[in-house]
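Taken together, the values in this text are just the output of simple stated rules run on the coordinates, not laboratory data. From a predicted model like this one, the values you see are computed outputs, not experimental measurements. Positions of Cβ are generated from backbone atoms using ideal geometry, with glycine treated the same way; all protein chains shown enter the neighbour counts.
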């Protein structure tokens, strides 16, 4: 049996005196989509930050592609682990195209231009806004730009944190189409959402966090039931 693409074992993490994670176990297989469920403050975003090198664990182990992770975010991204942070993850004072060129600043000019043009074909809404400041885009357009920046790094594993936060159903639907395409291409994903209804049908497995610990991992329906039992009617619902 092959090793997981990403493996967290007994991970704890803190922000100064505040302990955010106590004991988290998480496996993600190659090509698998995992949805990470939990109320606000349960440590979902911290799991992503630990896995992507933004936060150093105080105990436990983290391995990507069978090797312990380092804590160079750039090195992890180059190796295929890409994290789209909660929020917009863009430079609002730069144009759409400038945001993209910053991601590929170490590549040759021609190669960068070709790759950006390929992505504009997949994101036609942003193609017409390439000279517009990113801060002038709508929330859904900014989220698409965040995803374009991540795709420039050719992710093997993508952490998407609160991707649908504050978006209209139409904007969420457009983003979901892009995530479905990524899944079809074999990209592994960890989707972190407090309101995950539109994303549930995309997931292969659900993991529930509670108070900084892994409560359960298993079929998505079981994860939703566990989450709903913890939080009543606030639990997420399938999009089907």
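On a 0 to 90° scale, report how tilted helix 139-151 is relative to the longest principal axis of the chain, with both axes built from alpha carbons and the result rounded to the nearest 10. Its long axis makes an angle of about 90 degrees. Pairs of alpha-carbon atoms within less than 8 angstrom and 6+ residues apart define the contacts here; what relative contact order does the stretch 89-154 have, in percent? Contact order relative to length: 51 percent.
Available extension along the chain between residue 30 and residue 154 is 43.2 nm, counting 0.36 nm per residue and deducting the alpha carbon span. Between 0 and 90 degrees, the angle of helix 109-122 with respect to the longest Cα principal axis of the chain falls at about 70 degrees. For the pair residue 19 and residue 56, label points projected 7 Å from Cα toward Cβ lie 1.9 nm apart. So what's the angle, to the nearest 10 degrees on a 0 to 90 scale, between helix 169-184 and the longest Cα principal axis of the chain? Roughly 80 degrees between the two axes. Given the options 25, 201, 131, state which has the largest fluctuation in a GNM of the chain using a 10 Å cut-off (strictly under) for Cα springs. Taking springs between Cα atoms under 10 Å, the residue moving most is 131. Among 133, 114, 99, the residue with the largest mean-square fluctuation in a Gaussian network model of the chain, with springs joining Cα atoms closer than 10 Å, is 114. With N as its number of residues, the chain has a Cα radius of gyration that, divided by 2.2 N^0.38 Å, comes to 1.00.
In this calculation the C-beta distance from residue 109 to residue 229 is compared with R0 = 51 Å, giving a FRET efficiency of 0.40.
Fewest neighbouring Cβ atoms within 10 Å first, the residues 49, 109 line up as 109, 49. Counted by neighbouring Cβ atoms within 10 Å, the residues 90, 192, 69 run from fewest to most as 90, 69, 192.
Based on the Cβ-Cβ distance of residue 73 and residue 168, what FRET efficiency does E = 1/(1 + (r/R0)^6) give at R0 = 30 Å, to the nearest 0.05? The formula returns an efficiency of 0.45 here. Among 177, 86, 162, the residue with the largest mean-square fluctuation in a Gaussian network model of the chain, with springs joining Cα atoms closer than 10 Å, is 177. Once C-alpha pairs closer than 8 Å and six or more residues apart are averaged by separation and normalised to the residue number of the chain, the relative contact order reads 27 percent. Among 175, 209, the order by Cβ neighbours within 10 angstrom, fewest to most, reads 175, 209.
Extension gain for the segment residue 221 to residue 85, taken as residue separation times 0.36 nm less the Cα-Cα distance, is 46.3 nm to one decimal. Look at the alpha carbon pairs under 8 Å that are at least 6 residues apart: their mean separation over the length of the stretch 1-106 gives a relative contact order of 27 percent. Rg/Rh, computed from the Cα trace of the stretch 114-236 with Rh as the Kirkwood radius, has the value 1.01. The separation of the stretch 164-183 from the stretch 23-51, counted between C-alpha centres, amounts to 19 Å.
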